[in-house]
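After the structure tokens below, expect a handful of questions from me.
The values are calculated or read from the model by the stated rules, or taken from the named source; none is laboratory data. The model shown is predicted, which means the values in this text are computed figures rather than measured ones. Note: ideal-geometry Cβ built from the backbone for every residue, glycine included; neighbour counts use all protein chains shown. What goes into the accessible areas is simple: the full protein's heavy atoms, side chains included, and nothing from ligands, DNA or RNA. Shrake-Rupley method; radii C 1.70, N 1.55, O 1.52, S 1.80 Å.
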Amino acid sequence: MVKQVDQYTGPSLTRKNFPVYIAKTQALCIARASERERKRGVGFDRMASVNTPHQTYIPLPSESGGKHRDDEAVLSLVPIHIVTHASQLPTEFLYPSPERQLVYILYLWQLAFPDAIYLVDAIQGGETLMKACKPALESSYITKVIHDCKRDSEALYFQFGIKLHNVVDTQVAYYLIEEQQGRKRSPDDYISFVSLVADPRYCGLIVVEGRVVFLVAWWFSLFGISYVEKKEVRTLLREDPKFWTYRPFSELMVRAAADDVRFLPYIYHRMMEKLNERSLWQLAVRGALYCQCFCITENEYADWPSIPRIPDNLAVEGNVPEQEILSVLDVPPGKMGCIIGKKGASILSIKESCGAEILIGGAKGPPDKVFIVGPVRQVRKAEAILRGRMLGY
């Protein structure tokens, strides 16, 4: 059942019951639609107030007894604000503290909270705005929830010197849950954010006027950007890579940015319900390693936060998990083709053989480097195979 309330009083979206703020970089804020407005199907533009020209809905977990039900969600209607100055962001975000621990979701440059979404305009706000965001992005008191954090971390580090820390990567979480449930992942299988949103286990089914419907389909049909419009944005981006640099933001840009983040709080809550203690530790470790991955410098991560160690409660269970590490190999000129192979066949076979995650810097990352992430023994095996390929064995 879809519920709409004036103020969200549902369960915290963290395992530790802290106040929750979900973030993504660009700006929006939250109110609620009335029941009459929802039944009328009043859309994005008509729901907007005079002072705030843009609004959107965000689904949150049901507040019923602190228990989440698959067929319940709370909808919040939120105004959208474009952030160009630090004063437009929440104080709790700008000044992290152990008393106010937050969950912050980053996807591109959008921030999504249960009571607001912020589209942070790094172009207009520039270095000053990003410098103000740096403490939050590096804080251990704010959990950053991102789908595939590697490139986001790389951009933040090399553009603004920000070392992204304390990250929950929903792409990693998805596969940890799959492993818990006995499903084996293909080495080259990376779930996209669009596919994750389309998975009813994480975006769920809801009851609307007595009918069970898929949340995402109902949402887009009533309130959100259509799939046709999303395809249009992707086409525009392919035709003009500078699409997101144009100002002011068009209605299409604002709606597309909001749609990319609004489901993440709900997905995060569902995932945290499913992860066991071992998977939670692996999630923290891999989030840290993936944040460092493409941010290689001469000091080799010496100034980055340390990787989470195996907790005591897992060490005494008799099945101690192996510590996970990141290894970076330099590839001699002309040898990258030997590693990748025709249509990626060579690197795929290496992944299948050792089980470690192997990533190539390529055009978007450090060139002529291979990044290996996984348990120590898997990483060492991958190193040995890769060195053999580079020597021509």
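Per-residue answers, yes or no, for (1) surrounded by fewer than 19 Cβ atoms within 10 Å (Cβ to Cβ); (2) of a type in the set (A, V, I, L, M, F, W, C); (3) part of a helix (DSSP H, G or I); (4) at pLDDT 90 or above:
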residue	(1), (2), (3), (4)
236	yes, yes, yes, yes
273	yes, no, yes, yes
280	yes, yes, yes, yes
286	no, no, yes, yes
292	no, no, yes, yes
297	yes, no, no, no
314	yes, yes, yes, no
319	yes, no, no, no
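Is at least one residue of the stretch 214-230 assigned to a helix (DSSP H, G or I), of a type in the set (Asp, Glu) and either modelled with pLDDT under 85 or open to solvent by 20 Å² or more (accessible area, probe 1.4 Å) (or both)? It would help to see each step written out before you state the result.
Going residue by residue through the stretch 214-230, those that are assigned to a helix (DSSP H, G or I) are 215-222, 227-230.
Imposing the further condition that a residue be of a type in the set (Asp, Glu) reduces the set to 229.
Next cut, either modelled with pLDDT under 85 or open to solvent by 20 Å² or more (accessible area, probe 1.4 Å) (or both) only: 229.
The answer is yes, given that some residue of the stretch 214-230 is assigned to a helix (DSSP H, G or I), of a type in the set (Asp, Glu) and either modelled with pLDDT under 85 or open to solvent by 20 Å² or more (accessible area, probe 1.4 Å) (or both).
Please go through the stretch 291-301 and pick out each residue that is under 19 Å from residue 166 (Cβ atoms) and over 20 Å from the mean Cα position of the chain (by Cα).
If the condition is that a residue be under 19 Å from residue 166 (Cβ atoms) and over 20 Å from the mean Cα position of the chain (by Cα), then 301 is the only one that fits.
Cβ-Cβ distance below 7 Å, separation of 6 or more or different chains: which pairs start in the stretch 81-98 with a residue that is farther than 16 Å from residue 119 by Cβ and end on one that is part of a loop (DSSP other than H, G, I, E, B)?
Close Cβ pairs (under 7 Å, with a partner that is part of a loop (DSSP other than H, G, I, E, B)) amount to 92/21; 96/139; 96/141; 97/141; 98/141.
Out of (1) touching a strand residue (DSSP E or B) at 6+ places or on another chain (Cβ under 7 Å); (2) assigned to a helix (DSSP H, G or I), the odd one out for residue 255 is which?
So the condition that residue 255 fails would be (1).
Inspect the stretch 185-198 for any residue being over 26 Å from residue 372 (Cβ atoms) and either in contact with a strand residue (DSSP E or B) (Cβ under 8 Å, 6 or more places away or on another chain) or open to solvent by 40 Å² or more (accessible area, probe 1.4 Å) (or both) and give the result as yes or no.
From the stretch 185-198, those over 26 Å from residue 372 (Cβ atoms) are 194, 197-198; that's our starting set.
Applying the additional criterion that residues be either in contact with a strand residue (DSSP E or B) (Cβ under 8 Å, 6 or more places away or on another chain) or open to solvent by 40 Å² or more (accessible area, probe 1.4 Å) (or both) yields 194, 198.
For the stretch 185-198, residues over 26 Å from residue 372 (Cβ atoms) and either in contact with a strand residue (DSSP E or B) (Cβ under 8 Å, 6 or more places away or on another chain) or open to solvent by 40 Å² or more (accessible area, probe 1.4 Å) (or both): present.
Same structure, new question: Could you list, in sequence order, all residues of the stretch 258-267 that are open to solvent by less than 10 Å² (accessible area, probe 1.4 Å) and either touching a strand residue (DSSP E or B) at 6+ places or on another chain (Cβ under 8 Å) or not in a helix (DSSP H, G or I) (or both)? Lay out the reasoning, then the answer.
Of all residues in the stretch 258-267, those open to solvent by less than 10 Å² (accessible area, probe 1.4 Å) come to 258-259, 261-267.
Correct list: 258, 259, 261, 262, 263, 264, 265, 266.
Modelled with pLDDT of 90 or more and closer than 14 Å to residue 145 by Cβ: does that describe residue 264?
No, not satisfied.
Hey, can you tell me all the residues within the stretch 166-184 that are out of contact with any His (no Cβ under 8 Å at 6 or more places or on another chain), of a type outside the set (S, T, N, Q), surrounded by 21 or more Cβ atoms within 10 Å (Cβ to Cβ) and not in a helix (DSSP H, G or I)?
167, 168
Give me the residue from the stretch 143-165 that is hydrophobic (A, V, I, L, M, F, W, C) and without any contact (Cβ under 8 Å) to a residue 60 or more places away in the chain and, out of that set, surrounded by the most Cβ atoms within 10 Å (Cβ to Cβ).
Within the stretch 143-165, the subset hydrophobic (A, V, I, L, M, F, W, C) is 145-146, 149, 155-156, 158, 160, 162, 164.
Then drop every residue that is not without any contact (Cβ under 8 Å) to a residue 60 or more places away in the chain, which leaves 146, 155-156, 160, 162.
Numbers: 146: 28, 155: 18, 156: 25, 160: 16, 162: 20.
Filtering first and then ranking leaves 146.
Six or more apart or on different chains, Cβ atoms under 9 Å: show the pairs whose first residue is in the stretch 249-267 and free of Cβ contacts under 8 Å to residues at least 60 places away in the same chain and among the charged types (D, E, K, R) and whose second is assigned to a helix (DSSP H, G or I) and surrounded by 23 or more Cβ atoms within 10 Å (Cβ to Cβ).
Listed pairs, sorted by first residue: none to list.
Mind counting the residues in the stretch 325-339 that are surrounded by 16 or more Cβ atoms within 10 Å (Cβ to Cβ) and in a helix (DSSP H, G or I)?
The qualifying residues number 3.
Which ones in the stretch 138-153 are assigned to a loop (DSSP other than H, G, I, E, B) and either of a type in the set (Val, Ile, Thr) or farther than 18 Å from residue 202 by Cβ (or both)?
The answer is 139, 140, 141.
Just to be sure before I move on: is residue 278 farther than 30 Å from residue 368 by Cβ and in contact with a helix residue (DSSP H, G or I) (Cβ under 7 Å, 6 or more places away or on another chain) in the structure I sent? Step through it out loud before you land on a result.
Values: farther than 30 Å from residue 368 by Cβ: yes; in contact with a helix residue (DSSP H, G or I) (Cβ under 7 Å, 6 or more places away or on another chain): yes.
Yes, satisfied.
Starting from residues that are touching a Phe, Trp or Tyr at 6+ places or on another chain (Cβ under 8 Å), outside any loop (DSSP other than H, G, I, E, B) and open to solvent by 10 Å² or more (accessible area, probe 1.4 Å), keep the ones in the stretch 97-135 and report whichever is modelled with the lowest pLDDT.
Across the stretch 97-135, the extreme among qualifying residues is 107.
State whether the residues of the stretch 350-360 include one that is touching a residue at least 24 places away in the same chain (Cβ under 8 Å), of a type in the set (D, E, K, R), touching a Lys or Arg at 6+ places or on another chain (Cβ under 7 Å) and surrounded by 12 or more Cβ atoms within 10 Å (Cβ to Cβ).
No, because not a single residue in the stretch 350-360 is touching a residue at least 24 places away in the same chain (Cβ under 8 Å), of a type in the set (D, E, K, R), touching a Lys or Arg at 6+ places or on another chain (Cβ under 7 Å) and surrounded by 12 or more Cβ atoms within 10 Å (Cβ to Cβ).
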